[in-house]
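Undergrad: Take a look at this one; I'll ask things after.
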Amino acid sequence: MLATMSDNTNSLSLALDARTAVKALNVLRKSGGEADSELKTAMEDALISLKALNSGAPLFASLSPSSAFENYEQIQTLQEVESAFPGVDVQAKLATVTNDNDPAQRHVGITFAIEFFSALEKRALQKFNRSYGFGI
Amino acid sequence: MSNIQDQVRQDAASLHTFVSSISDKCVRRNGAVSYPEPSERFFSYISELAAKTKSYLQAEIEIPNKAPEDCLDLRRDIAILQASWGFMHQFVKPVLDADTLKLPTAFLQGLIARFQEIPIFSSTDFIFYHSSLLNYFNVKLGVFKPRADQISRIVDGPKFPEKLGLIGIPYSQSSSLFINCLIPHEMGHYVFGELSLRKRFCKSIEGMLISCLDVSFPGGRRTELIECIANWVEELFCDLFAVRLMGFSFSLAFVELFNSATALDDQSRYKESKEALEFDPNYPPDLFRLRKQVAVLKSDGWWEELQKTNSHYVRTLEVAEKLDDTDFNFGVLTPSDKSYDPAKVVETFLGILPNIIEKLNEVTAGDAEKPGIQNGAGLWKSSGKLIEEYLKNGVVPSSLIPDSGAEPVFPSPVALINASYRYYVDVESLPKLLSSIENTNCNSIGDLSYWAKRVEMWTAKAIEDVILLAKERH
C-alpha cells in the first residue's frame, strides 16, 4: 500500500537506455571513431552489473549515477539476456568496445554489443508491454 | 509483397493516430472545468510532445531512398515511442479527471505550502490525478523525468517540467480531508527520488549485507535482497517524512486506511499475531511503521498530548510503540530459499535505521535563508483546543477568538487538520455533537457519518479561509 507507481517504469527505462546504446553503437560502427562518454558509461555499467551477477562483486558502490541497472528487475533482465548467449564470454566481448586497440577486434565487439543491447531492448520492452496485466 | 518503406510508413501512421488520440484529450478538453496550474503545465507538455512526435515521424518517412537497415531502425524507434506513449497514456485521463472541483483544492494548497517550507523544495509543485485504486501513488519523477526526456530526445521534443511531482489519489476521496493526510507520504517518495536517496542507501545496504552474509552469495539474489531492504527504507523514510510534515494526522489516517486497530484485543491491548509482525518484500509490517512514527511524534512534541485522546486509533499507536524492534520477523511465514538467513536481512535493515532519521533531519532542516519545516506540534498545541471547541459548536474555525474582546487568531492549516482529526477520532466527540443536534441519533452510523463529513467540511473551509487571509496579508 502507498506504493509508488514504478513497476513498469523500470522496464521502460531499461528499454530506452538500451535503445540509446544501440543507436550510439550504430553510429560508432559506421564512423569507426571513439565511443562518446555516454556510451562508455553505459558499457561500463553493463560490465559492472554482469560482474556482480557472476562473481558476487559489489554492484551499487561502482555504478554510475545514471546507470540503467539499479534494481532487481533490471538486473534480472540483464541476466536473462546474458543467458541467451550460451558459451559466449559476454563481459570480454563487451569490453572490447571501449578497450581494444585492434580495430578488427573492436569492430567484432561493437557488432556483438549491438546484438546484445538490441536483445536487452527487446526483452525489456516485452516486459513493459506485459506489465499492464493479462488483458490480452 | 509491400516493401519495407511502405510497411514502416503504415507503422508511423498508426503511431500518429495513437498519439493524436491521447493529445486531443488535452487540447479539446471541457471548457467548463478548470485545472490547477501544474496540471495545465502537464497538458501543455503532452500536447507539445505529441506535436514533436508526429513531426519527427513525418520527417523520417520523407527521407528519400532510406536504406532497409535504417527503415528497420525506424520501426524500432516507433515501437519504443509507442511503448513510451503507452506509459504517458496511463496518466492523461487520470489528470483530466482531477479538475479543481474534484480535488480537495484548499487542503492540497495548504499541504504544498507546508512542503515548500523545505528550502530545497521551495519552488516544487505537484500534479494530482485520480486513481481507480484505493491507494495513493507517487510517480517516481527521479526515474520518470529522465526517461520522459529520453523519449523526448528521440523526437527533439520538450523536457518534462522541472520541480513537478505527480501524485495519484483515490477518485472516491476527492472531497475527503482526513484520509488524504496520507498524501505527504507520497511527497516523501518525491523527495526520496529527487535526492537519489535510494541509490545512496543501496550502497550502504550492499556493504552491510556483504559483511553479514556469505561473500559467495550470488550477486543477482543479493540485488533482490538489497532491493527488498531499500523498499523498507524508502517506505519508512516516507512515513517519517509525512509525520514530520503533517503530525499525527498521517498516523491516524494510516491506522484508518489499513484497519491497524485489528491488532488490539477487547481491552485495547496487543493481540498476538505472527502476521502483524512479518516483513514482506515491499513493506515493513504496519505495526513496525507505526512504532517508528511514534518515535518521531515523540521527538517532535506531539505524543504526550495526543496520548490523552480517547481513541482506539491512539491505543493502536501505543501498542506499536511498546513492541520491540526484535519482535519483527522476515521469512517466517514465507520461508526463504535457505540460501541466506532472513534474520540477517532484518538485522541489516535495523542497522540502517539511524541513517534514515539522520537523512530525515537533514532534508527537513533549514538553511541560511529559510528555517525549514516549522514545528507543527507547537502550532497545534497553541490553538488545538480552541479549534476543537469551535467544531463542537458547529462553527468554522477560520479565525479564533481566545477571549472576549481579544484579537482574532488565525490558525495554521497544520493545526487545523490535526485538531480536527483528533476531535474526529475521539470516540466521545461525535456522539456528544449529535446529542446537541435535533433529530439525530448518536447510535445511527448514518448520522455519525453525515456529521463527520460536516466536521471535514468545516475544517476544509477554515483551511481555505486561512490560506486566503495569508495571501491577503502578503
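Coordinate-derived values only; no laboratory data. Predicted model, so just to flag it, every value in this text is computed and none were measured. Using ideal geometry, Cβ is built from the backbone for each residue, glycine included, and neighbour counts are taken over all protein chains shown.
Undergrad: Roughly what % of DSSP beta bridges within the protein assembly as shown run antiparallel, to the nearest 5? Please list the in-between numbers first.
TA: Values: 5 of 16 bridges.
Antiparallel bridges make up about 30 percent of those DSSP assigns within the protein assembly as shown.
Undergrad: If you don't mind, another one. Over chain B, what relative contact order in percent results from Cα pairs under 8 Å that are six or more residues apart? Intermediate results must be reported in sequence, preceding the final value.
TA: On the way: 610 pairs, mean separation 67.8, N = 474.
Normalised by residue count, the contact order of chain B is 14 percent.
Undergrad: Spin-label point model (7 Å from Cα, Cβ direction): what's the B:Asn3 to B:Ser132 distance in nm?
TA: 4.5 nm
Undergrad: Residues with amide H under 5 Å of B:Ser131's amide H, sequence separation 5 or more or different chain, H placed in the peptide plane at 1.01 Å from N; which?
TA: B:Ile169, B:Tyr171
Undergrad: What number, in percent, do you get for the relative contact order of chain A if the mean sequence gap of Cα pairs under 8 Å and at least 6 apart is divided by its residue count? List each step's numbers first, then the result.
TA: On the way: 126 pairs, mean separation 53.7, N = 136.
It rounds to 39 percent for chain A.
Undergrad: In the range B:303-404, what trypsin sites (Lys or Arg not before Pro) fall in a loop by DSSP, with at most 11 other Cβ atoms inside 10 Å? Could the numbers behind the result be given before it?
TA: Details: sites: B:Lys308, B:Arg315, B:Lys322, B:Lys338, B:Lys344, B:Lys359, B:Lys381, B:Lys385, B:Lys392; in loops: B:Lys308, B:Lys338.
The qualifying sites are B:Lys308, B:Lys338.
Undergrad: Please list the radius of gyration and Dmax for the range B:4-192, considering alpha-carbon atoms only, with Å as the unit.
TA: Cα radius of gyration and Dmax of the range B:4-192 are 18.7, 63 Å respectively.
Undergrad: Across peptide B:220-228, what mean number of C-beta atoms from other chains lies inside 10 Å of a residue's C-beta? Walk me through the numbers on the way to the answer.
TA: Working: counts 11, 3, 7, 14, 5, 1, 6, 6, 1.
That average works out to 6.
Undergrad: Mind listing P(r) for the range A:10-130? All alpha-carbon pairs, 10 Å bins, whole percents.
TA: Pair shares across the bins are 14, 50, 32, 4, 0.
Undergrad: How much FRET efficiency would the formula 1/(1 + (r/R0)^6) give for B:Gln10 and B:Ser172, where r is the Cβ-Cβ distance and R0 is 51 Å, rounded to 0.05?
TA: Numbers: r = 42 Å, r/R0 = 0.83.
Using R0 = 51 Å, I get an efficiency of 0.75.
Undergrad: Hey, another quick one. Counting just the Cα atoms, what span does chain B cover along each of its three principal axes? Round to the nearest Å and put the largest first.
TA: That gives 85, 63, 50 Å along the principal axes, largest extent first.
Undergrad: To one decimal place, what Kirkwood hydrodynamic radius in Å is obtained for the range B:196-364 from all pairs of distinct Cα atoms? Write down the numbers at each step before the final one.
TA: Numbers: mean 1/r = 0.0598 Å⁻¹.
After inverting the pairwise mean of 1/r, the radius is 16.7 Å.
Undergrad: Which angle from 0 to 90°, rounded to the nearest 10, does the C-alpha axis of helix B:219-246 make with the longest principal axis of chain B?
TA: 50 degrees
Undergrad: Return the distance in nm (one decimal) between the two label points of a simple spin-label model at B:Val27 and B:Lys274, each offset 7 Å from Cα along Cα→Cβ.
TA: 6.0 nm
Undergrad: Size of the dipole of chain A about the Cα centre, Lys and Arg at +1 and Asp and Glu at -1 on the beta carbon, nothing else charged, in debye to 20? Mind showing how you got there, number by number?
TA: Numbers: 12 positive and 16 negative charges, 72 e Å.
Approximately 340 debye in magnitude.
Undergrad: If you put +1 on each Lys and Arg Cβ and -1 on each Asp and Glu Cβ, how big is the dipole of the protein assembly as shown around its Cα centre, in Debye rounded to 20?
TA: 840 debye
Undergrad: Under 18 Å from a point placed 7 Å out from the Cα of B:Ile401 along the Cα-to-Cβ direction: which residues of the range B:365-382 have their backbone N that close?
TA: In the range B:365-382, the label zone of B:Ile401 (backbone N under 18 Å from the point 7 Å along Cα→Cβ) covers no residue.
Undergrad: OK, next. At most 12 other Cβ atoms within 10 Å plus a DSSP loop assignment makes a site exposed; report the longest stretch of chain B without any exposed GluC sites (Glu not before Pro). Spell out each step's value before the answer.
TA: Working: sites that count: B:Glu162, B:Glu272, B:Glu369, B:Glu428, B:Glu438.
The answer is B:1-161.
Undergrad: Which angle from 0 to 90°, rounded to the nearest 10, does the C-alpha axis of helix B:445-473 make with the longest principal axis of chain B?
TA: 70 degrees
Undergrad: Next question, about the same structure. Using the 2.2 N^0.38 Å rule of thumb for compact globular proteins, work out how the range B:383-474 stacks up: its C-alpha Rg over that value, please.
TA: Details: Rg = 13.8 Å, N = 92, 2.2 N^0.38 = 12.3 Å.
In units of the globular-protein estimate, the range B:383-474 measures up at 1.13.
Undergrad: Could I have the simple spin-label model distance between A:Ser31 and B:Asn329, label points 7 Å from Cα toward Cβ, reported in nm to one decimal?
TA: Output for this residue pair reads 5.9 nm.
Undergrad: Based only on other Cβ atoms within 10 Å, what is the fewest-to-most ordering of B:His16, B:His185?
TA: On the way: B:His16 17, B:His185 27.
By the 10 Å Cβ count, ascending: B:His16, B:His185.
Undergrad: Is there a pair in B:Lys93/B:Lys159; A:Lys127/B:Lys359; B:Lys322/B:Lys385; A:Lys40/B:Lys163; B:Lys199/B:Lys308 whose C-alpha atoms are over 32 Å apart, and which pairs would that be? If you can, show how the numbers build up before the last one.
TA: Working: B:Lys93/B:Lys159 21 Å; A:Lys127/B:Lys359 34 Å; B:Lys322/B:Lys385 28 Å; A:Lys40/B:Lys163 29 Å; B:Lys199/B:Lys308 41 Å.
In this structure, A:Lys127/B:Lys359; B:Lys199/B:Lys308 exceed 32 Å between Cα atoms.
Undergrad: Per residue of the range A:86-97, in order, report the coupling 6.51 cos²θ - 1.76 cosθ + 1.60 (Karplus, θ = phi - 60°) as ³J(HN,Hα) in whole Hz, putting x for Gly and Pro.
TA: Taking θ as phi minus 60°, the curve returns x, x, 9, 7, 4, 4, 4, 5, 5, 4, 5, 4 Hz for the range A:86-97.
Undergrad: Here is a further query. Here are some pairs, B:Lys271/B:Lys292; B:Lys102/B:Lys370; B:Lys25/B:Lys102; A:Lys23/B:Lys140; which of them have Cα atoms lying more than 28 Å apart in this structure? The partial results should precede the final answer.
TA: Values: B:Lys271/B:Lys292 19 Å; B:Lys102/B:Lys370 33 Å; B:Lys25/B:Lys102 18 Å; A:Lys23/B:Lys140 26 Å.
The answer is B:Lys102/B:Lys370.
Undergrad: Here's another thing I want to ask about it. Return B:Thr53, B:Thr100, B:Thr364 ranked ascending by Cβ neighbour count within 10 Å, so the fewest neighbours appear first.
TA: Ascending Cβ contact count within 10 Å gives the list B:Thr100, B:Thr364, B:Thr53.
Undergrad: Show me, bin by bin at 5 Å from 0, the whole-percent P(r) of the range B:38-132 based on Cα pairs.
TA: The calculated distribution, bin by bin, is 3, 10, 15, 16, 13, 12, 9, 8, 6, 4, 3, 1.
Undergrad: Given the Cα-Cα distance of B:Glu304 and B:Lys392 and 0.36 nm per residue of separation, how much length would full extension add, in nm? Before the final figure, lay out each step's value.
TA: Working: separation 88, 0.36 × 88 = 31.68 nm, distance 2.27 nm.
Gain in length upon complete extension: 29.4 nm.
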